[in-house]
Amino acid sequence: AKALGKGRYAIFDREMYDRTLHLSQLEIDLRYALERQEFLLHYQPIISVATGRLTGFEALLRWQHPKMGLIDPGDFIEIAEETGLIVPIGEWILQEACQQLYIWQQKFATTSLYISVNLSSKQIQQFDLVDKLAKILDRTGLNGKNLKLELTETMLMDRGEKTIELLFQIKEQNIQLSIDDFGTGYSSLSYLHRFPIDALKIDRSFVSPIDAEGKNCEIVRTIITLAHTLGIKAIAEGVETSHQLAVLKKLGCDEAQGYFFGTPVNFQLAEEILVKNV
Ligand code: C2E
Ligand code: CA
Ligand code: CA
Ligand code: CA
């Protein structure tokens, strides 16, 4: 770094300083975001590949920052996890998502749609998660079968038997479970069948390369086969083209999600999508 000379060094320091300042300001803001009600959920449609009909929504967190505008989770989820703030925020997310779906169920007399909610590893480490889930279902009136929790492979594999036990307790409330970003983490196949999982979500990195020649779909094919061998569903993420959808259909993929069907949108726009599907 010294080779850069004194001047460059000073500039670098200044950048570091600004960046640190910026980050800690975001962290400070994050601490107040819940009580200031700056969080909201966006909803992305998930559809049945066979029928093209809506099966559910994934709830995705957004932060309406007073100065920076609407921020995606990529920019703050890590801070939320490091600071532990993800625990109370995650509880709000669950409450909000369940409440919203219950409202839609009442309004449109639909009972089959589900809401899929991402869980953080910090949340599944909380001893009272099962309790909290029960309370949220109770408070909102939502049936557990309409709630789906998305966990990553790493979260599942990290703590072995303890996690299996936890998942069975969650399943007692009829809540569905899916593995998010499947294929990007480390899953032990000999372990997988012991988890009471309902679906594998095929990561976008395997769906994107499905090209016009129909090659590059071997991993997707393998994950779909694996899911069906386990007796569960395969859900493709990041579907952006009709061609990808056609290939997924041919491969027997059950559900799909991605910009081709719709980007994540606020609850008003999500409701418009829902109305067309009931
Ligand atoms: P994820 O769970 O894998 O969510 C899917 C992400 O891919 C979303 O980004 C979504 O907007 C984006 N996406 C969906 N379809 C497409 C597509 O066709 N093409 C492309 N290029 N992207 C697509 P988002 O909303 O920015 O979320 C990023 C990540 O932040 C999520 O990845 C998830 O890991 C995390 N996250 C989001 N909401 C929550 C939450 O409520 N709680 C927790 N713990 N994590 C969350
Ligand atoms: Ca997800
Ligand atoms: Ca995902
Ligand atoms: Ca992801």
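Computed from the coordinates by the stated procedures, all read-outs in this text should not be read as laboratory data. Just so it is clear, the model here is predicted, and its values are computed rather than measured. When we count neighbours, we look across all protein chains shown, and the Cβ atoms used for this are built from the backbone with ideal geometry, even at glycine.
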For the pairs LYS201/LYS249; LYS145/LYS276; LYS107/LYS171; LYS135/LYS201, note any where the Cα-Cα span goes beyond 20 Å. LYS145/LYS276; LYS107/LYS171; LYS135/LYS201
Share of antiparallel DSSP beta bridges in the chain, in percent to the nearest 5? 40 percent
At the level of C-alpha centres, the distance separating the stretch 33-76 and the stretch 173-211, in angstrom, is 21 Å
Table column - 3J(HN,Hα) (Hz), the stretch 244-249, Karplus curve with 6.51, -1.76, 1.60, x for Gly and Pro: 4, 4, 4, 5, 4, 5
What distance in nm lies between label points placed 7 Å from Cα along the C-beta direction at LEU70 and ARG36? 1.9 nm
Residues meeting the amide H criterion for THR152 (H placed from the backbone, H to H distance under 5 Å, 5 or more places apart or on another chain) are ASP180
In Å, what Kirkwood hydrodynamic radius results for the chain from the alpha-carbon pair distances? 20.3 Å
Given H placed on each backbone N at 1.01 Å, which residues far from ILE71 in sequence or on other chains put an amide H within less than 5 Å of it? TRP63, GLN64, HIS65
According to the square roots a ≥ b ≥ c of the eigenvalues of the Cα gyration tensor, what is the shape class of the stretch 184-255, taking rounded for a/c under 1.5, prolate for a/b larger than b/c otherwise, and oblate for the remainder? prolate
Give me D for the stretch 121-278 in µm² s⁻¹, whole number, from Stokes-Einstein with Rh from the Kirkwood sum over alpha-carbon pairs, 37 °C and 0.692 mPa s. 193 µm²/s
Work out from phi, with θ = phi - 60° and the Karplus expression 6.51 cos²θ - 1.76 cosθ + 1.60, the ³J(HN,Hα) of each residue of the stretch 222-228, listed in order in whole Hz, and give x for Gly and Pro. 5, 5, 4, 4, 4, 4, 5
Non-local amide H neighbours of GLY56 (under 5 Å, H modeled in plane, Pro and chain starts lacking H): which ones? ILE46, TYR114
So what's the back-of-envelope 222 nm ellipticity for the chain, counting only DSSP H runs of four-plus at -39500 (n - 2.57) apiece and dividing by all residues, rounded to 500? -14000 deg cm²/dmol
For a Förster distance of 51 Å, can you work out the FRET efficiency between the beta-carbons of SER188 and GLN99, rounded to the nearest 0.05? 0.90
Phi angles of the stretch 68-78, converted by Karplus (6.51 cos²θ - 1.76 cosθ + 1.60, θ = phi - 60°) into ³J(HN,Hα) in whole Hz with x for Gly and Pro, give 8, x, 6, 10, 7, x, x, 8, 9, 4, 5
Highest-MSF residue in the chain out of ILE219, ILE235, ILE170 [GNM, Cα springs under 10 Å]: ILE219
